[in-house]
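Remarks on the structure that follows.
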Amino acid sequence: MPSNKHLLQLAVLSALLWLGACSQDLYQVADDFRIDLGVAQADRQDRIHLLLDDGKKIYPRNCDYVFETGKRYKLHYTLTANHSQDSAAWEAELLDIFPVQVIPLTWEPDPGLMKQPKDAVKIDRFWLGGGYLNVALSYRYQDNAGQHRFLLVSQGYTDKTLTIELQHYPDTDGTGAEQAGVTLSFPLSSMIFYPEADNLTVRVTETDHSGNMVVRNYDLPGGNKQR
């Protein structure tokens, strides 16, 4: 089973920083730009491209950003032309590049961590793609805050439903009124019951419109419904 050591430690402002746009000025002139997630790969000629969750291959143009193969990224981009004879391969100008943390499901959480206070998040959306459960969310932080941890913990598998919980542990300085946004990906391969499950339920402690903490369930199709 996956190790319980797979914890995400985020520098609190990292989600807010622009991390290497190659063509920032294109935001002013681009009529159509897209936002997608993908994994950096190298082709047979060792040329770096991004394999997007929909199967499209993106070859960056005029970009000196150093991608790490096997790492996952969130891209803001605009397509410019087909690349060679491959209809799924495109050249693109990258407007923004954000590394995406990949966090496997935890089956046996650290008892010491579980005793620490958790804080609510605000979910933008969950979606499945590229072999991952993906989430866009925001969380609270203080100006002088250090690190936050996110954990995905199994809550059991019954009646063809796999239930998991997304947990957020704030830094030791507590939380504040500022909001930071982040995109996270959880590999479905780490969820051993997912292929046979009809349903995937994600439990999250959120903040409602009145600022109260509430527990919400998000239901997605399991692997058995994806065949």
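The values are calculated or read from the model by the stated rules, or taken from the named source; none is laboratory data. Computed from a prediction, not measured in an experiment: that's the story for all the values here. All Cβ positions, glycine included, derive from the backbone under ideal geometry; neighbour counts span all protein chains shown.
Here are Asp53, Asp110: which of them is in contact (Cβ under 8 Å) with a residue 24 or more places away in the chain and assigned by TED's automatic domain parsing to the domain that holds Thr205?
Asp110
Note on region 176-196: among residues that are surrounded by 15 or more Cβ atoms within 10 Å (Cβ to Cβ) and touching a helix residue (DSSP H, G or I) at 6+ places or on another chain (Cβ under 6 Å), the one that is nearest to Leu133 (Cα to Cα) is Leu188. Filtering region 144-162 for residues that are charged (D, E, K, R) and buried (at least 18 other Cβ atoms within 10 Å of the Cβ) leaves an empty set.
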